[in-house]
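**Q** Quick one: the structure is below, and I'll ask about it shortly.
Values in this text are rule-based calculations from the coordinates and carry no lab data. Computed from a prediction, not measured in an experiment: that's the story for all the values here. Virtual Cβ from ideal backbone geometry, glycine too; neighbours counted across all protein chains shown.
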Amino acid sequence: MKVGGVVYMYPIYPNRMTRNDRSNVKVFQKICGNQGLSKVILATTRWDICPSESGEKRKRELVDTFWSDMLSASAPQTKAEMTALWNSKESAWDLIELVLKRRADSHIDGVILTIQKQIVDKSKKLKNTDAAQELRRKLEELLKESGSASTQARKDKLRALASEAARLRLPLGTRIMRFLGF
């Protein structure tokens, strides 16, 4: 089954791109593949609560940095498009119209996403697709980091306890004198 359009929605506000967001973009790219990008629309949301200056700055950052691969593909027929999605029915309909217009303007009726090719044509199980492998790699990385972070936290706590215990150690003479009430 060919796909006529794919919409990736991302909040323009708050003004930050987390590591999870970056991972999600990578997984999304693996799902679509290069050919699938021609049907992708990157829709930014939450413009209604975002100050306009910071929204425009954020949009430029997304275009120039985080989504540059998808928006600047070598051939025009393989690149994604970006639009703003406002909190209204009209904006939602505009987004649908954009998907349909891109489909009508394209010489390609639709595309088969990479994940579809891998599952259907190559008979891969979902867990063996490029997207799943990217997701698994990221999860393993996060688990390793959380494990080392908790190990580091434990080490820090042990150091603090050892330091506290060292301060509590008193010479034998001082302890005897305190015991005797001097």
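**Q** Can you give the FRET efficiency for GLU53 and GLU90, using 1/(1 + (r/R0)^6), R0 = 30 Å, r = Cβ-Cβ distance, to the nearest 0.05?
**A** With R0 = 30 Å, the Cβ-Cβ based efficiency is 0.80.
**Q** Quick one: net charge of ASN15's neighbours, Cβ under 13 Å, K/R +1, D/E -1?
**A** Summing Lys and Arg as +1 and Asp and Glu as -1 gives +2.
**Q** Explain nothing, just the number: relative contact order of region 6-124, from Cα pairs under 8 Å at least 6 residues apart, as a whole percent.
**A** 34 percent
**Q** Given H placed 1.01 Å from N in the peptide plane, which residues other than close sequence neighbours of VAL40 have an amide H under 5 Å from its amide H?
**A** VAL6, GLU81
**Q** Name the most mobile residue of LYS144, LYS39, LYS155, meaning the one with the largest mean-square fluctuation, in a Gaussian network model of the chain with Cα contacts below 10 Å.
**A** It is LYS155.
**Q** Among ALA149, ALA131, ALA160, which one moves the most in a GNM of the chain with springs linking Cα atoms closer than 10 Å?
**A** ALA160
**Q** For the peptides 29-38, 50-59, 111-120, 6-15, what is the packing order when you average, over each peptide's residues, the other Cβ atoms within 10 Å and list the highest mean first?
**A** Descending mean neighbour count gives 29-38, 111-120, 6-15, 50-59.
**Q** Still on this structure, I have one more. Just to be sure I understand the model, the point goes 7 Å from the Cα along the line to the Cβ. What's the resulting GLU141 to ARG22 distance in nm?
**A** Going from the GLU141 label point to the ARG22 one covers 0.7 nm.
**Q** With a length cut of 27 Å (Cα positions projected on each helix's long axis) and a Kyte-Doolittle mean of at least -1.0, go through the chain and give me the DSSP H helices that pass.
**A** Going by DSSP H runs, the hits are 130-168.
**Q** Let me ask something additional. With springs only between Cα atoms under 10 Å apart, run a GNM on the chain and tell me which of ARG46, ARG102, ARG154 wobbles the most.
**A** Ranking ARG46, ARG102, ARG154 by mean-square fluctuation puts ARG154 first.
**Q** For a quick check: sort MET17, MET70 by the number of other beta carbons within 10 angstrom, fewest at the front. Don't skip to the answer; put the middle values down first.
**A** On the way: MET17 16, MET70 22.
The fewest-first ordering by Cβ neighbours comes to MET17, MET70.
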